[in-house]
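The values are calculated or read from the model by the stated rules, or taken from the named source; none is laboratory data. Since the model is a prediction, treat every value here as computed from it, not as a measurement. All Cβ positions, even for glycine, are placed from backbone atoms using ideal geometry, and neighbour counts span all protein chains on display. Protein only, heavy atoms only, side chains kept; ligands, DNA and RNA dropped before computing areas. Shrake-Rupley method; radii C 1.70, N 1.55, O 1.52, S 1.80 Å.
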Amino acid sequence: MARVAEDFDQRINAYRSELLAHCYRMLGSVHDAEDLVQETYLRAWRARDRYDQDRASVRTWLYRIATNACLTALEGRGRRPLPSGLVARSEDPSSPLVRGEVTWLQPLPDALLGADPVKAAVDRGSLRLAFVAAVQHLSARQRATLILRDVLDFSAAESAEILGMSTAAVNSALQRARGQLRAAGVPEDEVAEPSEQEVRARIDRFVEAFERADVAAIKQLLTHDVLLEMPPMVNWFIGREHYGTFMDWVFSMCKDWRMVRTVANGQPALAAYWRVDGGGYHLHTLQVFTVTSAGISRNTVFQDAEVFAAFGLPEELTGADS
């Protein structure tokens, strides 16, 4: 009996990383996604004697449990947007920052997906902040349908089984979801990206420029229509010049910075530390970048203690780090 239970654990634990990614796409929260994965495994363990392998694969069965747990969790909840999906863009980057009383979308630390997300069947493109933010505009059931069909490649029949819907209803929900994403400007085909070496080189140059407080050098690394947003502030800007104006203001407050590299949502990210009153370097923000062949096209800057904790970022750099 113990051997059977051990075999069952091994079979279902192989899907933990991809279930975490799935729950994150659905919920937009790292903490909530981790809780729902735990709930999924608890439900699976309790129902293990009722699992019928002739009816569904273990993977399909787990996704049914996880998806329905997410749908239940989303009842009565608002979506988790980014500022660019909530309010009109700011035309004056020198205007005062305004805090939004909103439950924001959170970034996902790649470290939570294990050493090799590819082996965990996690599609990197489907975890990008822009995609997860766009999915938040869909109803919970449309969101689930789109993710199951277009991200996870479940068939219409499998998706219908998971969601407890008819195949016709699944196909209808999928078409509506795709239409809403197109209206939100999300491309259906994956955009070609520069190589990892090119991305790393551009981020290295960004780090060097930022630590020198060199606004001109930073602007050279950006696309002409770069987007900068900074939850929990609702202000967001488009354009290289607006970005530069905002950075002039940032560096007027502090010119002594250190950047620590990390990865979020399959994208390069940097933890920014500033030196306060001549003392140590204190955690200020986590910045997540979209890098294209033309330059950095998007920078989403988070200032949230829960986000910092999810990434395991120290509040202050030690002497060795700084």
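Points worth noting:
- 0 to 90° range, to nearest 10: angle between helix 2-13 axis and the chain longest Cα axis: 50
- Backbone N under 13 Å from the Tyr51 label point (7 Å along Cα→Cβ), restricted to segment 22-44: 40-44
- For Thr262, residues with placed amide H under 5 Å, excluding near neighbours: Ala269, Leu270, Ala271
- Net charge dipole size for the chain [Lys, Arg +1 and Asp, Glu -1 on Cβ; Debye, nearest 20]: 720
- The chain: proportion of alpha-carbon pairs further apart than 28 angstrom, %: 44
- Crossing angle, helix 240-253 versus the chain [Cα axis fit, 0-90 degrees, rounded to tens]: 70
- Selection of GluC sites (Glu not before Pro), segment 174-277, meeting DSSP coil and at most 10 other Cβ within 10 Å: Glu188
- Carbon and sulfur %, accessible surface of the chain computed with the full protein complex present, 1.4 Å: 49
- Prolate is the label for segment 11-141. Its Cα gyration tensor axes, ordered a ≥ b ≥ c, give a/c of at least 1.5 and a/b above b/c.
- Of the whole protein surface, Thr72 contributes about 80 Å² of accessible area at a 1.4 Å probe radius.
- Fluctuation leader among Val276, Val226, Val102 - the chain, Gaussian network, Cα springs under 10 angstrom: Val276
- Between 0 and 90°, nearest 10: helix 30-46 axis offset from the chain longest Cα axis: 10
- Heavy-atom accessible surface of the chain, averaged per residue, reaches 48 Å², computed with a 1.4 Å probe.
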